[in-house]
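Data block below; observations after.
The values are calculated or read from the model by the stated rules, or taken from the named source; none is laboratory data. A quick note: this is a predicted structure, and the numbers were derived from the prediction, not measured. When we count neighbours, we look across all protein chains shown, and the Cβ atoms used for this are built from the backbone with ideal geometry, even at glycine.
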Amino acid sequence: MSTSKIGYDDAYDLQAKRLSVKKPEIRYDKQGDMTDDERVEKAMLHFVKDFGSTAATYLDACIHCGACAEACHYYKVSGDPKYTPIWKLEPFKQAYKREASPFALFYRALGLKKKVTVEQLEEWQHLLYDSCTVCGRCSLICPMGIDIAAMISLARHGMFKAGLVPHELHAVAERAEVDGSPLGVTPTVFEDRLEWMEDEHEVDINIDQEQADVLVVMSSIEIQKYPQSMAATAKILNAAGASWTFRTDGFEATNFGMLSGNAEWQRDMSMRVIDAAIKVGAKKLVLPECGHAYMALRWMGGNMYGKPLPFEVQHISEYMAELLNSGKINVNKVKQSVTYHDPCQVSRRGGATQASRDVLKHLGVELREMKPGGDYNWCCGGGGGVVTIHRADELRYKVFKLKMEQIEETGAEELLTSCANCRQTFDDGQNHFQWKYSMESLLEVVADNLVEDEQ
Amino acid sequence: MSATHPFGAGPRGNIDPILNEVMHALDRLLTDNESTAIDLSSLPFGPGEIEELEEQLGIGEIKAELDALGKSLIRETIYPGVWWLEHRNTDGETAGRYIEITRVPEILKAQDADIGAGLKQLNRRLEPVGDAAVT
Amino acid sequence: MELLDFARGPALQFGLYAFVIGTVWRLLGILLLAAKPDHSAPRKRGGILAALKVISSRSVTAREFRQDTLYASVLGYVLHIGLFVIVFLFVPHILFFKGLIGLEWPGLPNNVIYFVGVITAGVGVALLLRRMTHPVLKLISNFDDYFSWVVTMAPIITGLIIPIRFGIRYETLLAIHILSIAVLLTWLPFGKLAHAFLVFFSRGTTGMVLERRGAKT
Amino acid sequence: MKDERTLGEVLLAKGVSRRGFMKYCSATASLLALPPAMVPRIASALESARRPSVIWLSFQECTGCTESLTRSSSPTLEGLIFDSISLDYHHTLQAASGDAAEAARHAAMEENRGEYLVLVDGSIPLGNPGYSTIAGISNVDMLKETVADAAAVISVGSCAAFGGIPGANPNPTGAVAVNELVKDMPVVNLPGCPPIPTVITAVLAQFLTFGQLPDLDHYGRPRAFFGQTIHDRCYRRPFYEQGRFAETFDDEGARLGWCLYKLGCRGPITYNACATVKWNQGTSFPIESGHPCLGCSEPGFWDEGGFYQPISTARIGGGTALGTAVAAGAAIGAAAAAMSRRRQAKTIKEG
């Protein structure tokens, strides 16, 4: 594989409000030194690999009705038709028709569908990465029921192989593959920071237990930017009286392999966690406040493993809801009005929408839903790796305005979510717009309001 | 006809359109002195429709019978100026039906050729009596 | 009569064969591609019931999107309902199907069909104008979209002309109407009109994938 | 043999009054589908018209056409018209036979060279001329000989006009219509099985009155009678529009006189005057009697499938052909998928 030209040591700006690379003016949109033809060939080969019956069903079904545009925040805020979700798949669709569709032979023989060109792929880099958070709203509006978001993820595979990934995203993915963390969190760093939190918050944190019922993992964003999350997680697990542990050989929940489109890296990253869980004999893997980690491990983990996982996978919000519903932990009532931002991959795409609602109910807050809310919630604009891409900032801020208006309309006092990536996107937006709302973590609110003497 | 069918009663065919045409023809007769004849054999009629049309027009003041190549009935309807004509052949089968909208149907008027023939005949009959005959 | 004989004989026969061959070809060409098993632990039951659920539920636009798609969906509904009515509830059509499959069902009076036909044709024109003017549709439309429009509208227009005639002989118009259907049948499985059957598979797939996650479908 | 008197003189000699003549003219106008206002013109034309000579040839036919023509009892108005033509040869009707009959035909041809009309009923076998002969002369030879000096030919009935039953699939005698053999003179087709007698007399009356043949459609049929479909002039048409159909011959709809479309009525694609002129002195026509139109005046009506099959039924092959289509589609589809899968396998191997 190609190598990044940015050095790891000084590339990241950890002081910034979001996952950020220093000196973003240096731009590389291509990786490796392939010729254009080689890039196209690579892209095609790897597109073809993904044209299974599910993808084919979707790619063959589009009726060009254009409804998906109305569901996409990028189209909504810009009015630019190129942001129509299905248009983002155009080269992928074109490749499908030409290479694998039922009439592929005719398309090729008669030249009815042109070969995808490198110019097309370069142009579509912006559409497949910068302007798609894989939030899946378009998948819900499609009258044909095409899961467009799932297809975007597949299309990224070929783009990665062709070396046509936005540079920052490629860089963090590569670092995650090599170092085990996109933000340079080595096992040592992780352990150091856990110990720091243990002291800071006076909480017992289990590290590298040989055996545990519950394996807990974190996202680098939390480890580096929101370390209190680790303490909050420990507090809750301790309060529940669970047999649990963090593992230094499998702690990273994020999966930039998946976001960037490298299927092998995606597997490597998932397998580290899966192996660790198996090693400690975990009955349950608790995922942190991270949207795409839920998709990667809850819904794709078994597929990476090649068979059903021998343990249950839960998002922290689901785990908290389970503990609260069963009375294993209790929380004090919080007399505040709150609006909750659903992380796309956990709620809309992941099916865990109700869990956070249950937690909020136990907290006794006045929940003011956004409109549209819940499963139809507007994305924060930072998902799918978009928040890492600097040239996408301008567009992302436009999208964020939509989110801001939606939240302001609720008039809620507090803003909560259960995804560190959403959180950093909000922090960055808040900073950019000097906005009054700060994004808070559902996990931390629960930890802060735990009824401690229950034990 | 079934009255319970949701889409109304059966067809009334040509009766109303013909009555309309008769009305307009009567108007032309009065204002422009223009006669009209409607040949009923060129129109599609369902069973009993001609009879119904005849009934609608009714029987007026004048009835005449012509006997030439079979009988013909000529009858004014209840609408003065509207005539019902029915030609029959020598077997008494109906050979044609017409509605004429005119003051007097042409066929009722004595024809010059027939008047001439009649005159000749009358003349011949009077010949032995004297020379008073008109030539 | 020669044209009519050709239309309802060889032409229609060709259309039907093309339709059947194309449909089976396209479906198997899609469905026999590699299928990856899903090893994730389901939250809810997927399978056929989930597929059926989404096949029916996606017929209605979610409330959240309704306002933004109102115009297009109303036109879309009218077009599809109109097509259904004129294709399946016009008595001569029913007799056509009866001849084909042996089943018969009650139809509607012709005047109702003509009325629906005119509305459907009008909506078709409105949809075409929208496609030609709306920036999104202009961008994403291709030959298939316009050709499929022509092929769909042709039987409606030719069917509506039959009672009007325009001085053309009935059997000539009928022949043209049947020929336009032969073209429609021939094209249907190969272009976007295949959504007539693909819709069940794409919605069903989404149902099976997302419903077992308990995710929004 | 040749009668030089005008029609006016013939009628006068019969003692027909002027009123009677006018009545006759009205009937003629009605017959020619001309408006009653045309009666005076017809009267003046008929007064000076001369009786044309008519030679009637019967080939592969069933005599139904002649039966139809003579079914009207004499003397009727149609009958009068036959008084006004000179039917010089008709081997079914004429008293003469054998050589005398053929001599009459030759005499008529000789005396009216270039002016006589030839009426033909029946089709002509070309497969083997011996299939049908009259006085030892094959049909094709007799037709060619007779039409050589004719003014026009009138094909009476569907056999003469389109080949009819003898020409129906598989057409064992190689039967053809008259206009396939007679190309160099006007041929009027009066199809129907049988044709409406009034239509035959009307064409004769037209020729008699105006000395010319009527305006014809693309099948050589007079537009005045074949210009509209049965369906267009059918008194049951409103039921068609209302969607009220007889489903069987003995159901409620049939009793109420509803549309016969579902019972296979060919009215919409059959051009004829049955619905207005009707049959048996204007008594009725098939639909009025409760039977769907068979389309007997259209070309090839025997080969259009079952009479009771609705016209919108597709004329296509059965289930086995469709089964083959399914199999073919499956084979191609499976091959296409297999090809794509092979390409995928190759990719996965190459990494």
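Within segment A:328-352, the set of residues being assigned to a loop (DSSP other than H, G, I, E, B) and either surrounded by fewer than 22 Cβ atoms within 10 Å (Cβ to Cβ) or polar (S, T, N, Q) (or both) comprises A:Lys328, A:Asn330, A:Asn332, A:Lys333, A:Val334, A:Lys335, A:Gln336, A:Gln345, A:Ser347.
Figure legend. Inter-residue proximity from segment A:80-100: first residues closer than 24 Å to D:Arg343 by Cβ and within 14 Å of chain D (Cβ to nearest Cβ), second residues of a type in the set (Val, Ile, Thr) and in a helix (DSSP H, G or I), beta-carbon distance below 8 Å, spacing 6+ or different chains. Indicated pairs: A:Ala95/A:Val48; A:Glu99/A:Val48; A:Ala100/A:Val48. Criterion applied to A:Ile152, A:Ile205 was being buried (at least 24 other Cβ atoms within 10 Å of the Cβ) and either within 30 Å of A:Val48 (Cα to Cα) or touching a residue at least 24 places away in the same chain (Cβ under 8 Å) (or both), and the one residue passing it is A:Ile152. Mind checking whether some residue in segment C:110-122 is facing another protein chain (nearest Cβ under 10 Å) and of a type in the set (Gly, Ala, Ser)? No: zero hits.
Restricting C:Leu103, C:Leu83 to those that are touching a helix residue (DSSP H, G or I) at 6+ places or on another chain (Cβ under 7 Å), under 26 Å from D:Leu322 (Cα atoms) and modelled with pLDDT under 95 reduces the list to C:Leu103. Of all the residues in segment C:194-217, those that are within 13 Å of C:Ile55 (Cα to Cα), of a type in the set (Lys, Arg) and more than 7 Å from every other protein chain (Cβ to nearest Cβ) number 0. Tallying residues that are facing chain C (nearest Cβ under 7 Å) and of a type in the set (Lys, Arg) within segment A:65-79 yields 0. Please work out if D:Ala335 is at the interface with chain C (Cβ under 8 Å from one of its Cβ atoms), surrounded by fewer than 17 Cβ atoms within 10 Å (Cβ to Cβ) and not polar (S, T, N, Q). So D:Ala335 fails the test. I need the full set of residues from segment D:11-31 which are crowded, with 21+ Cβ neighbours inside 10 Å and either touching a Pro at 6+ places or on another chain (Cβ under 7 Å) or part of a loop (DSSP other than H, G, I, E, B) (or both), in order please. Those that are crowded, with 21+ Cβ neighbours inside 10 Å and either touching a Pro at 6+ places or on another chain (Cβ under 7 Å) or part of a loop (DSSP other than H, G, I, E, B) (or both): D:Ser26, D:Ala29. Residues considered: D:Arg236, D:Arg266, D:Arg223. Of these, the only one that is away from chain B (no Cβ under 12 Å) and buried (at least 21 other Cβ atoms within 10 Å of the Cβ) is D:Arg266. Out of (1) out of contact with any Pro (no Cβ under 6 Å at 6 or more places or on another chain); (2) in contact (Cβ under 8 Å) with a residue 24 or more places away in the chain, what's the single condition that is false for D:Thr173? Failing condition for D:Thr173: (1). Restricting attention to segment C:13-21, does a residue exist that is buried (at least 17 other Cβ atoms within 10 Å of the Cβ) and within 8 Å of chain A (Cβ to nearest Cβ)? No: segment C:13-21 contains no residue that is buried (at least 17 other Cβ atoms within 10 Å of the Cβ) and within 8 Å of chain A (Cβ to nearest Cβ). Of all residues in segment A:286-310, those that are without any contact (Cβ under 8 Å) to a residue 60 or more places away in the chain, hydrophobic (A, V, I, L, M, F, W, C) and either more than 23 Å from A:Gly261 (Cβ to Cβ) or outside any helix (DSSP H, G or I) (or both) total 2.
Restricting to helices (runs of 4 or more DSSP H) lying wholly in segment D:82-198: which have 2 or more residues that are more than 22 Å from the chain's Cα centre (by Cα) and crowded, with 21+ Cβ neighbours inside 10 Å? Outline the logic, then answer.
On the way: elements: D:98-111, D:139-147, D:157-162.
The helices (runs of 4 or more DSSP H) meeting that bar are D:98-111.
Answer yes or no as to whether D:Gly167 is small (Gly, Ala, Ser), over 19 Å from D:Cys62 (Cα atoms) and out of contact with any Leu (no Cβ under 8 Å at 6 or more places or on another chain).
Numbers: small (Gly, Ala, Ser): yes; over 19 Å from D:Cys62 (Cα atoms): no; out of contact with any Leu (no Cβ under 8 Å at 6 or more places or on another chain): yes.
For D:Gly167, the condition - small (Gly, Ala, Ser), over 19 Å from D:Cys62 (Cα atoms) and out of contact with any Leu (no Cβ under 8 Å at 6 or more places or on another chain) - is not met.
Taking the criterion of being in a loop (DSSP other than H, G, I, E, B) and not aromatic (Phe, Trp, Tyr), the residues of segment B:63-82 that qualify are B:Ala68, B:Leu69, B:Gly70, B:Thr77, B:Ile78, B:Pro80, B:Gly81.
Looking at segment A:39-79 only, could you name the residues that are small (Gly, Ala, Ser), in contact (Cβ under 8 Å) with a residue 12 or more places away in the chain and part of a helix (DSSP H, G or I)? Listed by number, the residues that qualify are A:Ala43, A:Ala55, A:Ala56, A:Ala61, A:Ala67, A:Ala69, A:Ala71, A:Ser78.
Which one is farthest from D:Cys259 (Cα to Cα), of the residues in segment C:42-89 that are without any contact (Cβ under 8 Å) to a residue 24 or more places away in the chain, surrounded by 16 or more Cβ atoms within 10 Å (Cβ to Cβ) and within 9 Å of another protein chain (Cβ to nearest Cβ)? It comes out as C:Glu64.
In segment B:93-107, which residues are more than 9 Å from chain D (Cβ to nearest Cβ) and of a type outside the set (D, E, K, R)?
First pass over segment B:93-107, keeping only residues more than 9 Å from chain D (Cβ to nearest Cβ): B:99, B:101-105.
Those that are more than 9 Å from chain D (Cβ to nearest Cβ) and of a type outside the set (D, E, K, R): B:Ile99, B:Ile101, B:Thr102, B:Val104, B:Pro105.
Would you point out the residue of segment A:28-57, among those that are in contact with a helix residue (DSSP H, G or I) (Cβ under 6 Å, 6 or more places away or on another chain) and within 7 Å of chain C (Cβ to nearest Cβ), that is nearest to A:Thr117 (Cα to Cα)? So, considering only residues that are in contact with a helix residue (DSSP H, G or I) (Cβ under 6 Å, 6 or more places away or on another chain) and within 7 Å of chain C (Cβ to nearest Cβ), the one nearest to A:Thr117 (Cα to Cα) is A:Phe51. Inclusion of C:Leu3 among residues that are away from chain A (no Cβ under 14 Å) and crowded, with 18+ Cβ neighbours inside 10 Å is not warranted. Quickly run through segment C:107-149 and pick out the residues that are in contact with a helix residue (DSSP H, G or I) (Cβ under 8 Å, 6 or more places away or on another chain) and not in a helix (DSSP H, G or I). Once the filter is applied, which keeps residues that are in contact with a helix residue (DSSP H, G or I) (Cβ under 8 Å, 6 or more places away or on another chain) and not in a helix (DSSP H, G or I), segment C:107-149 yields C:Gly107, C:Leu108, C:Pro109, C:Ser141.
With respect to the conditions (1) surrounded by fewer than 21 Cβ atoms within 10 Å (Cβ to Cβ); (2) more than 11 Å from chain A (Cβ to nearest Cβ); (3) not hydrophobic (A, V, I, L, M, F, W, C), C:Arg8 lacks only one, and its number is (1). Residues in segment D:1-46 that are more than 10 Å from chain B (Cβ to nearest Cβ) and either touching a Gly at 6+ places or on another chain (Cβ under 6 Å) or charged (D, E, K, R) (or both): D:Lys2, D:Asp3, D:Glu4, D:Arg5, D:Glu9, D:Arg41. For segment D:293-302, state whether one or more residues are facing chain C (nearest Cβ under 9 Å), under 30 Å from B:Glu49 (Cβ atoms) and of a type in the set (D, E, K, R). Yes; the residues of segment D:293-302 include at least one that is facing chain C (nearest Cβ under 9 Å), under 30 Å from B:Glu49 (Cβ atoms) and of a type in the set (D, E, K, R). Could you list, in sequence order, the residues of segment B:31-41 that are assigned to a helix (DSSP H, G or I) and either polar (S, T, N, Q) or free of Cβ contacts under 8 Å to residues at least 24 places away in the same chain (or both)? Of everything in segment B:31-41, those that are assigned to a helix (DSSP H, G or I) and either polar (S, T, N, Q) or free of Cβ contacts under 8 Å to residues at least 24 places away in the same chain (or both) turn out to be B:Thr31, B:Asp32, B:Ser41.
Go over the candidates B:Leu30, B:Leu57 one by one and state the one that is touching a helix residue (DSSP H, G or I) at 6+ places or on another chain (Cβ under 9 Å), farther than 27 Å from D:His231 by Cα and modelled with pLDDT of 85 or more. Result: B:Leu57 is the single residue among B:Leu30, B:Leu57 that is touching a helix residue (DSSP H, G or I) at 6+ places or on another chain (Cβ under 9 Å), farther than 27 Å from D:His231 by Cα and modelled with pLDDT of 85 or more.
When D:Ile287 is tested against (1) buried (at least 22 other Cβ atoms within 10 Å of the Cβ); (2) at pLDDT 90 or above; (3) within 14 Å of chain C (Cβ to nearest Cβ); (4) in a loop (DSSP other than H, G, I, E, B), exactly one condition is not met: (3).
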